[in-house]
Amino acid sequence: MLTELLQGTDAGGFLLIQDSTGYCGRHLLKSFIGAALNREEVVHVLHFEVSEEELTDGLKGSHIQRLHFHNAYTDPLGWTDHPAFTVHQFTLEELAHRVKQTSHSKPVTLVIDSLSWVLRHQSPPAVCNTLQQLRKGGAVRAIIGLLHADMHQRGTVGSVCHLATSVITVAPGMKGDEAVAKLTKRSKSGKVMQDEEVFSIKEDLTVMVQSRPSHVGGRQNDAEEQETDPTANLTFNLRLSDTEREAKEKLALPFVFSREKKTALLHSGPGSGRILYEPDANDDYDQEDPDDDLDV
Amino acid sequence: MYTELNSILNTTPDSFTKGEFILVSDRQSDASFLVHHFLSLYLRARCRVLFLGLVQSFNHYSAISQRMGVSLAQAKEKGQLVFLEGLNESLSVLIPQETDTGSQAMDFLRDPSVGLKSLYEFVRSSLSSTGEGREGADDTEEWGPPVVLVDDLTVLDFSHYCRATVCSQLQGNVVMLTRCDGEEEEEDEGDDEGPERLLKGLTHQCSLTLHVRGLPYWLLHFLRDVIEVQVEVRWRRRQADGQYTQNKLFQYKVHDKGASFFARGTSSAVL
């Protein structure tokens, strides 16, 4: 499902990448930027946490002209005289205005790195409201956001997650550069799909989805079974020769009710015994059905 | 400067990664020896160093550095080191005197609403002045990239500004010490600025963390004289070759003039 999400977010979509101190989700975010650029989309990046150089590092040169940066990294709080973008400018009007400045007919994808910065300086309801209006108002086609989930209260993280159409939670994997992604996707019909995938990100920011973690265990077992053949040293024979098979097929099994067996049972021969029962006068014969109380 | 730690971190005074944000943290232990280490390392590496010492006096740092073979007073004279003595500065803010020529750096003590903007401005101005003003005055010395060391002041916004200015613009390094008290809590539902969340936020920003932790209580009883604590080294490299985090755990013992580091459980006194 991760490759599916990379291939395209729906119009009006909001994709959220959640990470923690254990694994940084920024590389996956960069993969999403690269994928959007490859789809000929115009991408606006609002970056608080890393410099422009760090973000462009690894992205291919040819598409970079469609990548627009809004620098909130050098001065997010307006401490210097000429801030490029401060966190207090994170409003619908300001963002819509900035996106329109480089107006193209092409759809615009807004990337926010990261929402944690905004959430620390604005109230969560205000941030959610801005995001929702951006998404619905048609100013941008899609929003991709990064969120450091362990920096906020659970309720704050939850309310942002509720807004998102797709949530990707990344966590470190078992091996060096592997990571585990837990994916939740809400389609417009209201159907919710969940999945878990192991992935790694290559140098050119392509995402390699390896397998689902639940399948990883199964595969390892298969490999082990191939190594050791349990039928190698048996004290009995597992296969049949043709004559043996013939003999086996001829044999009537005791539970198979053949015609001969049936007649032999129904018409007992002259030598067989019978049970005769004559009720005695003193017999204590119970009129009631003894099994009456059973629920049969 | 501990040579053993240098080899673990793969740095020498001659070659070290530029543009790094190093977070030093401790829990139920004391990581200040690492601050002394970085201070002497960068002074030897001929960097311009700005030290914001907010918990101890200049004499304290000076005495320890002397033992490690670096003279702070000399470095200060040469203009290599700028030392903000937080204790003195805050005193002059709280008890203003007429002869006071103190800087505006500690203004946040008087008016918390101002925030650390003034302290950041102090950082910025002193970095630019040591760079240009000094060179014009006596250009006998030329210093390498700037380094900011902060002993125990952790405010996320301030650290962000330091990183943006020093690491990204000037290609220098920042070292920050932060302390967390108490036990590690799995889920604290406190406010957003709690110490645990602060540490996590800083961890998201930095490229290298050194986390010093006290030994478990039961071990402490046996090993008090042998090992002090353990230090967890963790790299979060942001390189083109992809995400790369690496963890290493060491135990160490600080001696008079150095410190020895060893992998867990391999101290000669234990074996």
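The values are calculated or read from the model by the stated rules, or taken from the named source; none is laboratory data. These figures come from a predicted structure and were not determined experimentally. With ideal geometry, Cβ positions are generated from the backbone for all residues, glycine too; neighbour counts draw on all protein chains shown. Side chains included, ligands, DNA and RNA excluded: accessible areas come from the protein's heavy atoms. Shrake-Rupley method; radii C 1.70, N 1.55, O 1.52, S 1.80 Å.
For the stretch A:57-76, the set of residues classified as out of contact with any Phe, Trp or Tyr (no Cβ under 8 Å at 6 or more places or on another chain), of a type in the set (A, V, I, L, M) and within 12 Å of chain B (Cβ to nearest Cβ) consists of A:59 only.
Determine whether the stretch A:135-145 contains at least one residue that is aliphatic (A, V, I, L, M) and surrounded by fewer than 17 Cβ atoms within 10 Å (Cβ to Cβ). No: the stretch A:135-145 contains no residue that is aliphatic (A, V, I, L, M) and surrounded by fewer than 17 Cβ atoms within 10 Å (Cβ to Cβ).
Scanning the stretch A:173-215 for residues that are hydroxyl-bearing (Ser, Thr, Tyr) and away from chain B (no Cβ under 14 Å) turns up A:184, A:187, A:189, A:211, A:214. For residue B:62, the stated conditions do not hold, so it cannot be described as modelled with pLDDT under 75, more than 14 Å from chain A (Cβ to nearest Cβ) and open to solvent by less than 70 Å² (accessible area, probe 1.4 Å).
Only one of the numbered conditions (1) within 13 Å of another protein chain (Cβ to nearest Cβ); (2) open to solvent by 10 Å² or more (accessible area, probe 1.4 Å) is not met by residue A:170, and that is (2). Look at the stretch A:122-147: where a residue is in a helix (DSSP H, G or I) and a partner is of a type in the set (Phe, Trp, Tyr) and open to solvent by less than 30 Å² (accessible area, probe 1.4 Å), sitting 6+ places away or on another chain with Cβ atoms under 6 Å, you get A:135/A:14.
The residues in the stretch A:55-85 that are over 27 Å from residue B:116 (Cα atoms), charged (D, E, K, R) and surrounded by 16 or more Cβ atoms within 10 Å (Cβ to Cβ) can be counted, and the count is 1. Condition first: under 28 Å from residue A:99 (Cα atoms) and not in a strand (DSSP E or B). Can you find one or more residues in the stretch A:185-192 that meet it? Among the residues of the stretch A:185-192, at least one is under 28 Å from residue A:99 (Cα atoms) and not in a strand (DSSP E or B), which makes the answer yes.
When the residues of the stretch A:1-54 are narrowed to those that are part of a loop (DSSP other than H, G, I, E, B) and under 17 Å from residue A:131 (Cβ atoms), which ends up least open to solvent (accessible area, probe 1.4 Å)? Filtering the stretch A:1-54 for residues that are part of a loop (DSSP other than H, G, I, E, B) and under 17 Å from residue A:131 (Cβ atoms), the one least open to solvent (accessible area, probe 1.4 Å) comes out as A:48.
With respect to the numbered conditions (1) modelled with pLDDT under 85; (2) within 28 Å of residue B:157 (Cα to Cα); (3) not in a loop (DSSP other than H, G, I, E, B), which one is the sole condition not fulfilled by residue A:83? If we test residue A:83 against (1) modelled with pLDDT under 85; (2) within 28 Å of residue B:157 (Cα to Cα); (3) not in a loop (DSSP other than H, G, I, E, B), just (3) comes out false.
Of all residues in the stretch B:147-156, those being modelled with pLDDT of 80 or more and under 20 Å from residue B:19 (Cβ atoms) number 4.
In this structure, residue B:239 does not satisfy being modelled with pLDDT of 55 or more, within 14 Å of chain A (Cβ to nearest Cβ) and open to solvent by 20 Å² or more (accessible area, probe 1.4 Å).
For every residue, the table says whether it meets (1) in contact with a strand residue (DSSP E or B) (Cβ under 9 Å, 6 or more places away or on another chain); (2) open to solvent by less than 50 Å² (accessible area, probe 1.4 Å); (3) within 13 Å of chain B (Cβ to nearest Cβ).
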site: A:87; (1), (2), (3): no, yes, yes
site: A:90; (1), (2), (3): yes, yes, no
site: A:97; (1), (2), (3): no, no, no
site: A:106; (1), (2), (3): yes, no, no
site: A:113; (1), (2), (3): yes, yes, yes
site: A:119; (1), (2), (3): yes, yes, yes
site: A:126; (1), (2), (3): no, yes, no
site: A:130; (1), (2), (3): no, yes, no
site: A:133; (1), (2), (3): no, no, no
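Of the residues examined, residue A:67 is not one that is under 25 Å from residue A:166 (Cβ atoms) and in contact with a Ser or Thr (Cβ under 6 Å, 6 or more places away or on another chain).
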